[in-house]
Amino acid sequence: MEKVIEEQKQGTSLVLDQRKDNTKKLFIESYGCQMNFSDSEIVASILANEGYNTTQNLEEADLVLVNTCSIRDKAEQTVRKRLEQYNAVKKINPVMKVGVLGCMAERLKSKFLEEEKIVDMVVGPDAYKDIPNLLKDVNDGRDAINVILSKEETYGDISPVRLNSNGVTAFVSITRGCDNMCTFCVVPFTRGRERSREPQSIMEEIKDLYKRGFKEITLLGQNVDSYLWYGGGLKKDYDKATDMQKATAVDFAQLLDMCATAYPKMRFRFSTSNPQDMHEEVIHVMAKHHNICKYIHLPVQSGSTRILKEMNRQHTREEYIALVDTIYRIIPEISLSQDMIAGFPTETEEDHQDTLSLMEHVRYDFGYMFAYSERPGTLAARKMEDDVPEPVKKRRLQEIVDLQQRIAMERTKRFVGDTVEVLIEKTSKRSDEHWSGRNSQNTTVVFPKETYKVGDFVLVKVTDCTSATLIGEAVGYSEMQ
Ligand code: SAH
Ligand code: F3S
């Protein structure tokens, strides 16, 4: 299945429970990864205490915030177009203020205030708690900018409001930042060094969600397998921790085990796993718990060892294949998905063939595939020429997408005839009479509603499928109900 980061959700504006005494209106829109959507919930929660209710009507907003993405040039261009639209509205409504949040704010910093005059406020991903002060600066006519990156997990104490929620599935952040320095990637620059959140505060947030009836949690981070809590501080400073801190440290396998054990009636997912940090221990914890979903997003980027080295991915093709083989051995029913980049500098036809053959070997259920986009400031941009011609990049990307689609179709078919466990999330897009949910392996399943309701765990007998959706009939509740 071809899918570009939740494309249908891009630019969604968010609305939450309205507070009666709040008089000002906030319009907040998010682009990019799930972490941005999750951060916007934190921002809305901070601003709810400052007198703002959210609105979906841009024209009536006092404050417009856009949470931005820098991962590829296209993502930035989309936001620039959006800023032009805000500017047009601002001409009609001059009291409206506009703020840029997230990775573009961090990357472009004061350039936004100097060059793009339509912006009143620039706030990097670690500075959202400063927004109330920055708003005062805006009102006093001062430049309002805070792009300081933090050394601590910044928002552990904020209970995010759940925006546009189905009341069933929620994301919980466990790490911020990334230390991996893949040479193509802007994230280490825009989101800073890697920090893990205190397990206690993660467990508190999950407890709160459980009490409110949520049934599925996705633990979120740029690199979740690298999670390590030893009393605070950066991941890279772990060497300096005391013996006591090391003895009581909590890693990702332990955190996952804690979650699944404490809440046996909730499902757990996680994203994203970096192959170099994914250890066998995590796979064993997944196998041990029925309520940890059997799905791993395991980006690889390329099937060529030479390209992987140029990307600074810290593993070879063979090591990746060995990891995948281990995962299939321990959890045969697992689904895997990839991120792939076509046309990284110096990529030859042979490297590209290595990518296709790796995909044939791994047999991913889903894929997120991109043409290489040079990002200013990254090592690849500084040291390598973006030398694969655009038409070649496009052709290779298309071959990757076509192959993924073929494999996905074959993988989806394997469930036909099986009975799968589904958590009901919403009404199916195609039919009001059908529910839609996902099985443990993350494949969408639709079936007649009968008397079941949103949030139920049901067993569905699969009778048919399209390329990415299973079709079936409920045969009763599952043991998770
Ligand atoms: N660890 C992160 C990865 C964030 S970037 C996570 O939580 O998912 C998501 C994907 O975007 C990467 O895996 C990569 O495939 C793609 N990507 C990143 N930088 C890119 C670039 N410069 N050009 C094209 N694709 C890129
Ligand atoms: Fe980017 Fe690599 Fe980290 S893709 S987010 S630097 S793991």
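Counting only Cα atoms, the size of the stretch 240-299 along its three principal axes is 35, 29, 16 Å, in decreasing order.
Projecting the Cα atoms of Ile283, Ser440, Val79 onto the charge dipole of the chain, computed from C-beta unit charges around the Cα centre, puts Val79 farthest toward the positive end. Based on the reciprocal of the average 1/r between different C-alpha atoms, the Kirkwood radius for the stretch 357-407 equals 12.6 Å.
Given a cut-off of 15 Å, what percent of all Cα-Cα pairs of the stretch 378-481 lie beyond it? I get 66 percent for the Cα pairs in the stretch 378-481 exceeding 15 Å. Cross-link list Lys24/Lys151; Lys24/Lys90; Lys211/Lys449; Lys9/Lys393; Lys215/Lys294: which exceed 21 angstrom alpha carbon to alpha carbon? As for pairs spanning more than 21 Å Cα to Cα, those are Lys24/Lys151; Lys211/Lys449; Lys9/Lys393. Seen from a random direction on average, the alpha-carbon convex hull of the stretch 169-413 projects onto 13.9 square nanometres.
Okay, which of the stretch 303-320 sit inside 16 Å, backbone N to the point 7 Å along the Cα-Cβ direction of His279? Within reach of a label on His279: no residues.
Put simply, the convex hull of the Cα atoms in the stretch 7-146 casts, on average, a shadow of 7.7 nm².
Taking 0.36 nm per residue of sequence separation and removing the Cα-Cα distance, the Gln481/Gln245 pair yields an extension gain of 81.1 nm. Cα centroids of the stretch 228-243 and the stretch 415-448: 42 Å apart. If a cysteine in the chain has no other Cys Cβ under 4.7 Å from its own Cβ, put it on the list, ordered by number. Among the cysteines of the chain, those whose Cβ sits 4.7 Å or more from every other are Cys33, Cys69, Cys103, Cys178, Cys259, Cys293, Cys465. Across the alpha-carbon atoms of the chain, the computed radius of gyration and Dmax are 22.6, 66 angstrom. Convex hull volume of the C-alpha atoms in the stretch 406-459, normalised per residue: 83 Å³.
Any read-out appearing in this document is the output of simple, stated calculations on the displayed coordinates, not a laboratory observation. Worth saying up front: this structure is predicted, and the values here are computed from it rather than measured. Cβ sites come from the backbone with ideal geometry, for glycine too, and all protein chains shown count toward neighbours.
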